[in-house]
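Novice: One structure follows; several queries about it will come next.
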């Protein structure tokens, strides 16, 4: 399939605030993104001409923000609305190998829906994890360094080199990935064995470190995970915010390129999906 024929659904509801950057990241690479409100997929309170079918898209992106004010838990209301109306098409979407990317609030939504970590089927009936309040008990907005930990299971990181470190900014209040205490180490080992851990927070020397390099206190420094099949990725840091080099915090130091560290995420998934479909 040609790149310009790829259709990307940039999903939004009240409270999302990163849809424009997400849209532009795909658009700048020549793909065909569309801003789609959740009601357009569910068919609620919209004109017939405004309705959209999820299966017409090849990539679904759930962007960052504070959906529904992050009441109950971050991403919980958005996830409940999607799961109640779209469970069947979402499951089919993932089963067919189409791509799903959740960033920040989007990662929280994927966890709440049961798509991640995905150890009990495509979508578990109840969440197997939670993105809890940061250990600092406050919103953390800072540059973060991510080490690529995956062995190319994830379709979003095919163009990265093993062990490569990216500067991807974080901005969240609830990013601490936790599992049920009685099963936490077992689940973590499953993620390792399944090659589902995609990114970990590191310091400038590439070493695992605590705060502030790990902005939320996530055990094992986990910043992003994928499902066992590799076509669903959730990550707390925002790759869409560093598509260009001039949006890096150290942009004035001059690196002779306009390619930001987040661009490779979008390039990788587009290249994979083009080949698949």
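Novice: Being surrounded by fewer than 19 Cβ atoms within 10 Å (Cβ to Cβ) and under 22 Å from residue 168 (Cα atoms) is true for just one of 29, 3, 110. Which residue is that?
Specialist: Just a single option satisfies the conditions, and that option is 29.
Novice: When you check residue 199 against the structure, is it in contact with a helix residue (DSSP H, G or I) (Cβ under 7 Å, 6 or more places away or on another chain) and crowded, with 16+ Cβ neighbours inside 10 Å, yes or no?
Specialist: For residue 199, the condition - in contact with a helix residue (DSSP H, G or I) (Cβ under 7 Å, 6 or more places away or on another chain) and crowded, with 16+ Cβ neighbours inside 10 Å - is not met.
Novice: Still on this model: Can you tell which of 209, 171 is in contact with a strand residue (DSSP E or B) (Cβ under 9 Å, 6 or more places away or on another chain), within 24 Å of residue 264 (Cβ to Cβ), modelled with pLDDT of 95 or more and surrounded by 18 or more Cβ atoms within 10 Å (Cβ to Cβ)?
Specialist: Criteria check complete, one pass: 171.
Matching residues to (1) over 16 Å from the mean Cα position of the chain (by Cα); (2) farther than 23 Å from residue 55 by Cα:
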{"position": "103", "(1), (2)": "no, no"}
{"position": "106", "(1), (2)": "no, no"}
{"position": "114", "(1), (2)": "no, no"}
{"position": "118", "(1), (2)": "no, no"}
{"position": "121", "(1), (2)": "yes, no"}
{"position": "127", "(1), (2)": "yes, yes"}
{"position": "133", "(1), (2)": "yes, yes"}
{"position": "140", "(1), (2)": "yes, yes"}
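Novice: Output yes when any residue across segment 88-102 is farther than 17 Å from residue 233 by Cα, touching a helix residue (DSSP H, G or I) at 6+ places or on another chain (Cβ under 6 Å) and not in a strand (DSSP E or B), and no when none is.
Specialist: Yes, that holds for at least one residue.
Novice: Among (1) within 24 Å of residue 97 (Cβ to Cβ); (2) touching a strand residue (DSSP E or B) at 6+ places or on another chain (Cβ under 9 Å), where does residue 267 come up short?
Specialist: So the condition that residue 267 fails would be (2).
Novice: Being surrounded by fewer than 14 Cβ atoms within 10 Å (Cβ to Cβ), in contact with a strand residue (DSSP E or B) (Cβ under 8 Å, 6 or more places away or on another chain) and assigned to a loop (DSSP other than H, G, I, E, B) is the filter here; which residues of segment 140-163 pass it?
Specialist: 161, 162, 163
Novice: Here is a follow-up. Within segment 32-72, can you find the residues that are in a helix (DSSP H, G or I) and touching a strand residue (DSSP E or B) at 6+ places or on another chain (Cβ under 8 Å)?
Specialist: Answer for segment 32-72, where residues must be in a helix (DSSP H, G or I) and touching a strand residue (DSSP E or B) at 6+ places or on another chain (Cβ under 8 Å): 38, 41, 54, 56, 67, 70.
Novice: Is segment 175-188 home to any residue that is under 25 Å from residue 93 (Cβ atoms), over 19 Å from the mean Cα position of the chain (by Cα) and either surrounded by fewer than 18 Cβ atoms within 10 Å (Cβ to Cβ) or modelled with pLDDT under 95 (or both)?
Specialist: Yes, that holds for at least one residue.
Novice: Shifting gears a bit: Go through 3, 11, 60, 38 for me and flag whichever is at pLDDT 95 or above, more than 17 Å from the chain's Cα centre (by Cα) and on the phi < 0 side of the Ramachandran plot.
Specialist: Of 3, 11, 60, 38, the one residue that is at pLDDT 95 or above, more than 17 Å from the chain's Cα centre (by Cα) and on the phi < 0 side of the Ramachandran plot is 38.
Novice: Return the pair list, or none, for Cβ contacts closer than 7 Å from residues in segment 66-95 that are without any contact (Cβ under 8 Å) to a residue 12 or more places away in the chain and at positive phi to residues that are in a helix (DSSP H, G or I) and surrounded by 14 or more Cβ atoms within 10 Å (Cβ to Cβ), at least 6 apart or on different chains.
Specialist: none
Novice: Considering only residues that are in a loop (DSSP other than H, G, I, E, B) and more than 17 Å from the chain's Cα centre (by Cα), which ones fall in segment 73-87?
Specialist: Once the filter is applied, which keeps residues that are in a loop (DSSP other than H, G, I, E, B) and more than 17 Å from the chain's Cα centre (by Cα), segment 73-87 yields only 73.
Novice: Answer yes if at least one residue in segment 218-240 is part of a helix (DSSP H, G or I), touching a helix residue (DSSP H, G or I) at 6+ places or on another chain (Cβ under 9 Å), within 18 Å of residue 167 (Cα to Cα) and in contact (Cβ under 8 Å) with a residue 24 or more places away in the chain, and no otherwise.
Specialist: yes
Novice: Any residue in segment 9-23 that is more than 16 Å from residue 243 (Cβ to Cβ) sitting within a Cβ distance under 6 Å of a residue that is in a strand (DSSP E or B)? List the pairs, counting only those 6 or more apart or interchain.
Specialist: 9/36; 9/60; 11/36; 11/62; 12/37; 15/65; 16/65; 17/65
The values are calculated or read from the model by the stated rules, or taken from the named source; none is laboratory data. None of the values given here were measured: they were computed from a predicted structure. Every residue, glycine as well, gets a Cβ built from its backbone with ideal geometry; the counts of neighbours run over all protein chains shown.
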